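Colleague: Structure below; questions to follow.
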Amino acid sequence: MQILNDLSNQDDLELILYSMILINTVLNSIPDQDTFYDISDSLEEQGIQRIIQHYFKNPIKDENGLFKQIVQQMELYEVNI
């Protein structure tokens, strides 16, 4: 979560993308609802909504389309929650 929380480190978009993919993969593979909500509550306590809103409000221009993929992963997270 620290990687995503460092909002000044926007140079490594690939790392941010992989972090969001990992979060979504973990959440999607949880078999029971109690564990799912425990983990999602923990992410919320660590400020994931603030991080997501930051990236939605402050788009980053990149040549590889990584930022678009980051936004897609963040939207996927919000849909799953």
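Colleague: For the subset of segment 39-77 comprising residues that are surrounded by 12 or more Cβ atoms within 10 Å (Cβ to Cβ) and acidic (D, E), which member is farthest from I16 (Cα to Cα)?
Modeller: Of everything passing the filter in segment 39-77, E44 is farthest from I16 (Cα to Cα).
Colleague: Mind checking whether some residue in segment 36-44 is of a type in the set (V, I, T) and modelled with pLDDT of 95 or more? Don't jump to the end; show me each part of the working.
Modeller: Within segment 36-44, the subset of a type in the set (V, I, T) is 39.
Filter once more, so that each one left must be modelled with pLDDT of 95 or more: 39.
Looking for residues that are of a type in the set (V, I, T) and modelled with pLDDT of 95 or more, one finds at least one in segment 36-44, hence yes.
Colleague: A further question follows. With (1) over 16 Å from Y77 (Cβ atoms); (2) surrounded by 13 or more Cβ atoms within 10 Å (Cβ to Cβ) as the list, and Q2 as the residue in question, which single condition is left unmet?
Modeller: Tallying (1) over 16 Å from Y77 (Cβ atoms); (2) surrounded by 13 or more Cβ atoms within 10 Å (Cβ to Cβ), Q2 fails exactly one: (2).
Colleague: Would it be correct to say that Q33 is in contact with a Leu (Cβ under 8 Å, 6 or more places away or on another chain) and open to solvent by 60 Å² or more (accessible area, probe 1.4 Å)?
Modeller: Details: in contact with a Leu (Cβ under 8 Å, 6 or more places away or on another chain): no; open to solvent by 60 Å² or more (accessible area, probe 1.4 Å): yes.
No: the conditions fail for Q33.
Colleague: With the requirement that a residue be among the hydrophobic types (A, V, I, L, M, F, W, C), over 16 Å from N5 (Cβ atoms) and touching a residue at least 12 places away in the same chain (Cβ under 8 Å), what does segment 61-81 give you? Step through it out loud before you land on a result.
Modeller: First, the residues of segment 61-81 that are among the hydrophobic types (A, V, I, L, M, F, W, C): 66-67, 70-71, 74, 76, 79, 81.
Cutting the leftovers down to over 16 Å from N5 (Cβ atoms) gives us 66-67, 71, 76, 79, 81.
The answer is L66, F67, V71, L76, I81.
The values are calculated or read from the model by the stated rules, or taken from the named source; none is laboratory data. The structure presented is a predicted model; accordingly, all values stated were derived computationally and were not measured. As a convention, Cβ positions derive from the backbone with ideal geometry for all residues, glycine included, and neighbour counts pool all protein chains shown. Remember, those area values only see protein heavy atoms, side chains included, never the ligands or the DNA or RNA. Shrake-Rupley method; radii C 1.70, N 1.55, O 1.52, S 1.80 Å.
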